[in-house]
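Everything below concerns the one structure shown next.
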Amino acid sequence: GGEPPPLARIADMGIGNSAFHGTRIDPRHVATVIEKVVKRVAFAENISLAAFASGAIYIAHASGTALCESAEIDALERVFGREALRRIAITGTKRLTGHCMSVGIEDAVAVAGLAAGVFPGTPVDGLDPQFGDLLFHAGGPSERRYVMRLSLGFGSQVVFVVYSRGLLAARAASGPAI
C-alpha cells in the first residue's frame, strides 16, 4: 500500500530573459540565473558550491554551435570557477538526437537518470579544445545526487532546473515530487 517514492524532486529552478541580443547569449545573465538557483540548493543542503559541483551531473544545452556552447561553459565557470567546474559530470542529448528531439526528452533523462542511477554519455568528437579539461560523462552508472538542466533561447532566455535524488535536507516537503 501507499504511494511509491518519487523518482526525483525539483530542488529549485530559475527563469530569466535579459533581451541581451537578437541571436546571442549573454553568459553573465545566464550565470546570474544559475548562481541564484545553485546557491539556494547548496544552502538548503548545507554544502559548499564545490561539494554541490562534485555531486552534480549537468545536462548541457549544447546546441552544437560554438558561440552557444562557449557562452554556456563561460556561465558555469563564472558560477563555480574552473576547478569546481572540472568536477561536474557533463552530458547531453542534443549531439545524439538533434535539437528538436532532445528538448522534449532532457527533463525525462534527468528524472530517469536520478531514479536509475544511469545517464547517457555525449559524443565529444569535434568539441572545442577549450573544453578539453572538463569531465564528460561517458555514459552508464552515476551516483550523482543532483542534475542541472539548462535551456537557452535567443536574447538570453534562460530556464535552469536542479533536480535532486531523494529529499532535500532542509526543504523536504517544498519541492514537487516527480
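Any read-out appearing in this document is the output of simple, stated calculations on the displayed coordinates, not a laboratory observation. Model, not experiment: these values are computed from the prediction. With ideal geometry, Cβ positions are generated from the backbone for all residues, glycine too; neighbour counts draw on all protein chains shown.
Placing dummy labels 7 Å off each Cα toward the beta-carbon, the span from residue 159 to residue 46 is 3.4 nm. Rounded to whole numbers, the Karplus 3J(HN,Hα) couplings from phi for region 17-29 are 7, 8, 6, 4, 7, x, 9, 10, 10, 9, x, 5, 5 Hz, using 6.51 cos²θ - 1.76 cosθ + 1.60 with θ = phi - 60°, and x at Gly and Pro. Take the Cα of residue 83, step 7 Å toward its Cβ, do the same at residue 96, and the gap between the two points is 3.3 nm. Cβ under 10 Å from residue 150's Cβ, residue 150 left aside: what net charge do those residues give with Lys, Arg +1 and Asp, Glu -1? In short, -1.
Once you have a ≥ b ≥ c as the square roots of the Cα gyration tensor eigenvalues for region 1-155, tell me rounded if a/c is under 1.5, and otherwise prolate or oblate according to whether a/b is larger than b/c. Verdict is rounded for region 1-155.
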